[in-house]
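A quick write-up on the structure given underneath.
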Amino acid sequence: MARTPLAWYNLTHDRMRFGLFVLGISFAVVLMFVQLGFRNALLDSNTILFDHMRADLVMVSPSRQTLAMRDSFPRRRLTQASAAAGVRSVHPLYVENAIAFLRDTNPDPAFRGPARAVRVLGIEPDEFLLDLPELNPSNPNSRLNDLRYEHTALFDRRTRPNAQNPNNSIYGPLADGTITELNGKSIRFVGSFDLGSDFTTDGTVIVSADTFVDILRRPYSYGAPPTAKVDFGLIRLEPGANVAAAQAAIREAVATGERDADVEVFTIAEIRDREQRFWKNNTPIGFAFGFGLFMGFAVGMVICYQILSGDVSDHIAEYATLKAMGYRNRDLVLVVLEESVILAIVGFIFGWLVSWGAYEFLTAITGMPMRMTFERVGWLFVSTLAMCALSGLIALVGLVRADPADVFG
């Protein structure tokens, strides 16, 4: 004989009440999803540039703990690295976050806002260094040729929008052919790309290495060669080369003999993890959103406990009857735990659907990548199961102590 689904009947005999139960659990799931989404968006947005680097290894100054810092290293280290075993080519990547200011592009000076800081990337137009369609030489719509002209630039389509006028970016209207100023020097936008803002950057502009040096390095070089320092070195290895062996060979090739080396070499995964560790360990991001996630979990536990304890109280006579008929506490415990699992699954499904829409909306208005990956969804589903199961175990106290003699006496 098939076992009666007592847990399902207990929850669904009143459909309206069951719907309210599901909404309560879904609310907690959405709260946790949003907290997790903001946390991961802040971390992911700060590593999105690394994800687009077309390189096997990245050379960087050890002092540059995060992309937003300005620490650079001597360009000669690139030459030394190019001679290491397994290295095919080495390319400089220039990055400026602090002293680059883009003039508001509004054509009417009366409505033009102040110049704002912008991140500028300087690349070699002859190389496909960033994995963006507009920089791919095999793409018919590539803009690499346009960047070879002096003082031309590409703008990020996902630049942070203007809060008062969402149709424009924070830098004003951006479009092909727009002429504005970068640090007081005229530049012309010749195309766009899709990258996204991050925790410290409202927008990004890509220029050629020559334009970058002319606008952002030469005026501040003070007699030193403007190309003497490099922000990142993108290293490509020979096909089939052992990455770990090449990494060790490069470190040996650039060794200065001094106690403190002035460069470090990472894989893309290593430098990405390094960046995220910095933001988690040295800023309030980890604590603030971790606490928010915990509060969402706690709220869910309270809601689920109220649901299950109320259900146990409402059906205490029925449970006592089952005990009098010979059901053991273990059998009734399983019924309540099944109820908690049902609530977790149904509530999670609805919460996930609402959160998916919230992620799309928040990504659109903030420009930050709120990614709902399989791993993150799975982790939150397990957390929801744990949340409801713990609530169920707490709610079981009254059921285990229930005595048929007390109920019917």
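Residues that are under 29 Å from the mean Cα position of the chain (by Cα) and farther than 12 Å from residue 171 by Cβ within region 97-126 comprise 97, 98, 99, 120, 121, 122, 123, 124, 125, listed in sequence order.
With respect to residue 155, is the statement that it is in contact with an Asp or Glu (Cβ under 8 Å, 6 or more places away or on another chain), in a strand (DSSP E or B) and either under 16 Å from residue 216 (Cα atoms) or assigned by TED's automatic domain parsing to the domain that holds residue 245 (or both) true?
Values: in contact with an Asp or Glu (Cβ under 8 Å, 6 or more places away or on another chain): no; in a strand (DSSP E or B): yes; either under 16 Å from residue 216 (Cα atoms) or assigned by TED's automatic domain parsing to the domain that holds residue 245 (or both): yes.
Taking the combined requirement at face value, the residue does not satisfy it.
On the given criteria, is residue 22 within 28 Å of the chain's Cα centre (by Cα), in contact (Cβ under 8 Å) with a residue 60 or more places away in the chain and within 18 Å of residue 351 (Cβ to Cβ)? Considered against the rule, which asks whether it is within 28 Å of the chain's Cα centre (by Cα), in contact (Cβ under 8 Å) with a residue 60 or more places away in the chain and within 18 Å of residue 351 (Cβ to Cβ), residue 22 comes out as no.
When residue 89 is tested against (1) assigned to a loop (DSSP other than H, G, I, E, B); (2) surrounded by fewer than 19 Cβ atoms within 10 Å (Cβ to Cβ); (3) over 21 Å from the mean Cα position of the chain (by Cα); (4) among the polar types (S, T, N, Q), exactly one condition is not met: (1). Going by the structure shown, is residue 119 touching a residue at least 60 places away in the same chain (Cβ under 8 Å) and either out of contact with any Ser or Thr (no Cβ under 8 Å at 6 or more places or on another chain) or within 27 Å of residue 244 (Cα to Cα) (or both)? Answer is no for this residue.
Selection within region 134-147: residues that are of a type outside the set (S, T, N, Q) and surrounded by 13 or more Cβ atoms within 10 Å (Cβ to Cβ). The member of this set that is nearest to residue 210 (Cα to Cα) is 147.
Only a single criterion out of (1) under 13 Å from residue 206 (Cβ atoms); (2) not in a loop (DSSP other than H, G, I, E, B) is not satisfied by residue 186, namely (1). Against the definition (of a type in the set (D, E, K, R) and surrounded by 18 or more Cβ atoms within 10 Å (Cβ to Cβ)), how does residue 157 come out, yes or no? No. In region 1-64, counting only helices (runs of 4 or more DSSP H) that sit wholly within it, the ones holding 1 or more residues that are at pLDDT below 85 and buried (at least 20 other Cβ atoms within 10 Å of the Cβ) span 6-12, 15-45. Annotation for region 239-260: no member residue is touching a Ser or Thr at 6+ places or on another chain (Cβ under 6 Å), surrounded by 13 or more Cβ atoms within 10 Å (Cβ to Cβ), over 30 Å from residue 27 (Cα atoms) and not aliphatic (A, V, I, L, M).
Kindly indicate which of 291, 266 is modelled with pLDDT of 80 or more and more than 17 Å from residue 87 (Cβ to Cβ).
Values: 266 fails: more than 17 Å from residue 87 (Cβ to Cβ).
Answer to the check: 291.
Considering only region 248-260, I want to know if a residue exists there that is at pLDDT below 90, under 17 Å from residue 57 (Cα atoms), β-branched (Val, Ile, Thr) and touching a Lys or Arg at 6+ places or on another chain (Cβ under 9 Å). Looking for residues that are at pLDDT below 90, under 17 Å from residue 57 (Cα atoms), β-branched (Val, Ile, Thr) and touching a Lys or Arg at 6+ places or on another chain (Cβ under 9 Å), one finds at least one in region 248-260, hence yes. Residues in region 188-239 that are of a type in the set (Gly, Ala, Ser) and more than 31 Å from the chain's Cα centre (by Cα) were compared, and the one that is nearest to residue 171 (Cα to Cα) is 221.
Consider residue 209 carefully, then state whether it is among the aliphatic types (A, V, I, L, M) and either on the phi > 0 side of the Ramachandran plot or at pLDDT 90 or above (or both).
On the way: among the aliphatic types (A, V, I, L, M): yes; either on the phi > 0 side of the Ramachandran plot or at pLDDT 90 or above (or both): yes.
So residue 209 fits the description; yes.
Looking across region 366-394, the residues that are modelled with pLDDT under 90 and hydroxyl-bearing (Ser, Thr, Tyr) come down to 366, 373, 391. The set of residues in region 210-231 being touching a helix residue (DSSP H, G or I) at 6+ places or on another chain (Cβ under 9 Å) and surrounded by 21 or more Cβ atoms within 10 Å (Cβ to Cβ) consists of 211, 230.
Does region 261-273 include one or more residues that are more than 22 Å from residue 77 (Cα to Cα) and either touching a Gly at 6+ places or on another chain (Cβ under 6 Å) or assigned to a helix (DSSP H, G or I) (or both)? Quick ask: steps written out before the conclusion?
To start, the set of residues in region 261-273 that are more than 22 Å from residue 77 (Cα to Cα) comprises 273.
Checking which are either touching a Gly at 6+ places or on another chain (Cβ under 6 Å) or assigned to a helix (DSSP H, G or I) (or both) leaves us with 273.
For region 261-273, residues more than 22 Å from residue 77 (Cα to Cα) and either touching a Gly at 6+ places or on another chain (Cβ under 6 Å) or assigned to a helix (DSSP H, G or I) (or both): present.
The values are calculated or read from the model by the stated rules, or taken from the named source; none is laboratory data. Please read all numbers here as calculations on a predicted model, not as lab measurements. Glycine also receives a Cβ, built like all others from the backbone with ideal geometry; neighbour counts cover every protein chain displayed.
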